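See structure below.
The values are calculated or read from the model by the stated rules, or taken from the named source; none is laboratory data. Values in this document were obtained by computation on a predicted structure and should not be read as measured data. As a convention, Cβ positions derive from the backbone with ideal geometry for all residues, glycine included, and neighbour counts pool all protein chains shown. Note: accessible area is taken over every heavy atom of the protein model, side chains too, but ligands, DNA and RNA are not part of it. Shrake-Rupley method; radii C 1.70, N 1.55, O 1.52, S 1.80 Å.
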Amino acid sequence: MEPELLTRCANLLYQEAAYLDERRWAEWLALYTEDAEFWLPAWDEDGGPTDDPQTQLSLIYYKNRAGLEDRIWRIQSGLSPASSPQIRTCHLITNVRITDVVNDHPHVSSHWQVQIYRPEKQQASAYFGFYEHVLRPYGENLRIASKKITLLNDVVESALDIYHV
């Protein structure tokens, strides 16, 4: 693998994290392709993550960017009680590596942690796990064609949202 490709992939993941933390929603959405899948599987009774968002339980699942756009609209409009008041987040991403390249689409795995602060409760917590991204060339840049999030500590104290993971 060429080091330049790994750098480009890692920079996209870091940019995505920064946009989430800074609540730069339009720029965050622009990182995704129109047909991008966003998936946070649940854990099944055998202790593994579910493997089919169409037939099994997911904690979050959007089959394309339109679902993400709707979620962002709800967050920004104030119509989402689960998102009010908004929490503060700090996404940390590490161990970024290209696991495969299929038809010029890099498959990228990484580890992540999100530090969360809820001002109204003066409470801090963290979520952590693994990301699997499939990236797609878009002109000179890359965009996110799919994102699978494996949440390792899936006992959550409130509703889980796109910016928690």
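Scanning region 60-98 for residues that are open to solvent by 50 Å² or more (accessible area, probe 1.4 Å) and assigned to a helix (DSSP H, G or I) yields a total of 9. The single condition from (1) within 15 Å of the chain's Cα centre (by Cα); (2) open to solvent by less than 50 Å² (accessible area, probe 1.4 Å) that L5 fails is (1). All of Q122, Q115 fail the test of being in contact with a Cys (Cβ under 7 Å, 6 or more places away or on another chain), open to solvent by 50 Å² or more (accessible area, probe 1.4 Å) and not hydroxyl-bearing (S, T, Y), apart from Q115. Scanning region 25-44 for residues that are more than 15 Å from I144 (Cβ to Cβ) and not small (G, A, S), we see that the one that is least open to solvent (accessible area, probe 1.4 Å) is P41. Does any residue of region 8-19 turn out to be in contact with a Gly (Cβ under 8 Å, 6 or more places away or on another chain) and either among the polar types (S, T, N, Q) or modelled with pLDDT under 95 (or both)? No, region 8-19 contains no residue that is in contact with a Gly (Cβ under 8 Å, 6 or more places away or on another chain) and either among the polar types (S, T, N, Q) or modelled with pLDDT under 95 (or both). For region 1-19, the set of residues classified as under 11 Å from I144 (Cβ atoms) and not charged (D, E, K, R) consists of C9, L12, L13, Q15, listed by residue number. Of the listed requirements (1) touching a residue at least 60 places away in the same chain (Cβ under 8 Å); (2) assigned to a loop (DSSP other than H, G, I, E, B), V101 misses just one: (2).
Hey, among Y131, Y127, which residue is of a type in the set (S, T, Y), open to solvent by less than 70 Å² (accessible area, probe 1.4 Å) and either without any contact (Cβ under 8 Å) to a residue 12 or more places away in the chain or closer than 17 Å to L6 by Cα (or both)?
Working: Y127 fails: either without any contact (Cβ under 8 Å) to a residue 12 or more places away in the chain or closer than 17 Å to L6 by Cα (or both).
Being of a type in the set (S, T, Y), open to solvent by less than 70 Å² (accessible area, probe 1.4 Å) and either without any contact (Cβ under 8 Å) to a residue 12 or more places away in the chain or closer than 17 Å to L6 by Cα (or both) holds for just one of Y131, Y127, which is Y131.
Within region 8-59, can you find the residues that are more than 12 Å from the chain's Cα centre (by Cα), part of a loop (DSSP other than H, G, I, E, B) and in contact (Cβ under 8 Å) with a residue 60 or more places away in the chain? Answer for region 8-59, where residues must be more than 12 Å from the chain's Cα centre (by Cα), part of a loop (DSSP other than H, G, I, E, B) and in contact (Cβ under 8 Å) with a residue 60 or more places away in the chain: R23, A42. If you scan region 133-165, which residues turn out to be of a type in the set (A, V, I, L, M, F, W, C) and part of a strand (DSSP E or B)? Matches in region 133-165: V134, L135, L142, I144, A145, I149, L151.
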